[in-house]
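Note sheet for the following structure.
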Amino acid sequence: MVKPEVPTAYALAVLEGDRPAFAHARAAAAAGVEDGTLYWSERADRLDLALVLEPEEDLDATLRAFYAFQVAAGDALGAYTEAAFPLAVRWPLTITFDQFHLARTRVAWPEETPPDRRPTWIVFGLEAEVSEPDPDHERPDLITLRGAGAVDVPVARFVEAVARHFLFWLGRLEQYGFAVIRRAWNERCDERGRVRALRLPGLEVAGTVGGLDARGRFVVGERALALHELPPALLAGEAP
């Protein structure tokens, strides 16, 4: 199987078989693995990667880099999918293709970390199905990478693209501040300006979607929602 060639800023760790990258990355991060370690589950049928970072700022500021990761993931996958349907982001975790669920991002950090303290580690993850995982079509809202037009693209190419695009957007964040990430994310927000009923575990709010504000909170109607206010299990992909 083709292995990814990623920039030297990363330390690539290949996980054989179906070992989940995000779970492995979380455990390694808690044990003190090197900053910039990129875990990839070596599978032909699924894109599954996770990146361990050692933050330099408090949690509230660090989570703004997660939005840079989402923009990067969307741009990377969009380089191989059908150009007539640009990829979009849907808060808090989804990347969409023509309103279909294409990929899921994930994020985790030490749960005891308050928003104004620096977490000792943070993990960003990305998962997408390459081929049809649901032959009975029990999830008609899902679409695969092949279904979105990325035919005959080795999974390694997606990993490489995500790694490159994230370095680009992280550099923009560091050079110009969160405003540039906010603008890029809001341009890609698939429901901005629409009335939406947002239903998540322990949260139900409805109103016009305003996108991200200057602090990185997601605005729906009169509410401004921060990622760190959501259940950790939801952000880590462990809750529906």
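The table for this structure:
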quantity: Whole-Hz ³J(HN,Hα) from phi, Karplus 6.51 cos²θ - 1.76 cosθ + 1.60, for region 102-116, glycine and proline x; calculated: 9, 8, 10, 9, 9, 8, 8, 8, x, 5, 7, 6, x, x, 9
quantity: Ranking of E42, E56 by count of other Cβ atoms within 10 Å, fewest first; calculated: E56, E42
quantity: Around E111: net Lys/Arg minus Asp/Glu count, Cβ-Cβ under 14 Å; calculated: -1
quantity: D_trans [Stokes-Einstein, Kirkwood Rh over alpha-carbon pairs] for the chain, 10 °C, 1.306 mPa s, µm² s⁻¹; calculated: 88
quantity: Most to least packed among 103-116, 170-183 [average Cβ atoms within 10 Å]; calculated: 103-116, 170-183
quantity: Residues with amide H under 5 Å from that of T96, placed H, sequence gap 5 or more; calculated: A88, V89, R90, L102
quantity: Relative frequency of Cα-Cα separations exceeding 14 Å in region 53-115, percent; calculated: 58
quantity: Summed side-chain charge close to W169 - residues other than W169 whose Cβ falls under 14 Å, Lys, Arg +1, Asp, Glu -1; calculated: +3
quantity: Helix runs (DSSP H) in the chain reaching 20 Å along axis by Cα, Kyte-Doolittle at least 0.5; calculated: 59-78
quantity: Within-14-Å neighbourhood charge of G32 [Cβ basis; K, R +1; D, E -1]; calculated: -2
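Coordinate-derived values only; no laboratory data. Quick caveat, the model's predicted, so the values are computed rather than measured. Counting neighbours? That spans all protein chains shown, and the Cβs are built from the backbone with ideal geometry, glycine included.
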